[in-house]
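Read through the structure below, which is laid out as structure tokens, and then see the notes.
The values are calculated or read from the model by the stated rules, or taken from the named source; none is laboratory data. Computed from a predicted model, the values in this text were never measured in an experiment. Methodologically, a virtual Cβ is constructed for each residue, glycine included, from the backbone with ideal geometry; neighbour enumeration extends over all protein chains shown. We work out accessible area using only protein heavy atoms, side chains counted, and drop any ligands, DNA or RNA first. Shrake-Rupley method; radii C 1.70, N 1.55, O 1.52, S 1.80 Å.
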Amino acid sequence: MDSGHYARERYLILAKLDHEMITLFRAQGVLLCGGAITSIFTGQKIRDWDLYFPNVEAFNLVREQFIQHGKEVSRTDLAMTYTWKKKQRTFQLIWGVGYFPNPMDVYTHYDYTICMGGFSFILDDFFFHQDFLKHLAQRRLVFNYKTDFPMSSLLRSHKYMARGYSLSGVETLKIALAIQATKITNYAELRRQMMGFVLVFL
């Protein structure tokens, strides 16, 4: 967990959310993870608001509020995307990869360490993979071979390299081996992998 030194970054997140939403997220233990945190710590505009939940009850309660106060934009087996009130900003409510009472467990399915940063609303604090800040500073892609969607990771690597990140031969090989080990024996498994493309590129 973060020691509390990132007051500016915390402010940049909370300033973009209204009080009602913050209260809801704190009450339900919502986690903001991935692209939003990477953007905050690299000085970029937040484009991805990926929300994770400690349990299905929290997911359902938050979703009910989005239904009441916002509009559904899209839905897949992995995430439901909503706007909030009259704002055009979209929030992805992630549900198809599980629930995470322990915030650090959310990173078990992430692909690159530069995405393994998060903010816990209930703790009012950041939590990071041990190499998150180091690899961001080095602009280095390090792959988690346990990720759910290695094929999506291969495509994502091109996006990051276009932004100045490097991918070593060893990390490329890790992605290739993870893809080879991915079991696709029926349409349902193929469909889930295709949902991974949608999730990571929204």
Answer in debye to the nearest 20: the dipole magnitude of the chain about its Cα centre, from +1 Lys/Arg and -1 Asp/Glu charges placed on Cβ, is 720
Using a 1.4 Å probe and ignoring any ligands, DNA or RNA, find the accessible area of Glu64 and quote it in Å² to the nearest 10. 90
For Arg140, Arg8, Arg47, give me the order by solvent-accessible area with a 1.4 Å probe, most accessible first, ignoring ligands, DNA and RNA. Arg47, Arg8, Arg140
With contacts defined as alpha carbon pairs under 8 Å and 6 or more residues apart, what's the relative contact order of segment 87-140 in percent? 27
Highest mean first, how do 106-114, 17-25, 35-43 rank when packing is the count of other Cβ atoms within 10 Å averaged over residues? 106-114, 35-43, 17-25
So what is the orientation-averaged projected area of segment 2-55, using the convex hull of its C-alpha atoms, in nm²? 4.0
Only bridges whose two residues both fall in the chain count here: according to DSSP, what percent of them are antiparallel, nearest 5? 90
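Under 8 Å for C-alpha pairs, at least 6 residues apart: give me the relative contact order for the chain, rounded to a whole percent.
So the answer I get is 19 percent.
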Fraction of accessible area attributable to carbon and sulfur, the chain (%, probe 1.4 Å): 55
Between segment 112-158 and segment 29-79, what is the separation of their alpha carbon centroids in Å? 17
Hey, if we sort Tyr11, Tyr6, Tyr82 by accessible area with the 1.4 Å probe, largest down, what's the order? Tyr11, Tyr6, Tyr82
Largest to smallest accessible area among Asp131, Asp105 [probe 1.4 Å]: Asp105, Asp131
Provide Rg over Rh for the chain; use the alpha carbon set for both Rg and the Kirkwood Rh (inverse mean inverse pair distance). 0.95
Would you tell me the accessible area of Trp49, worked out with a 1.4 angstrom probe on the heavy atoms of the protein chains, in Å² to the nearest 10? 10
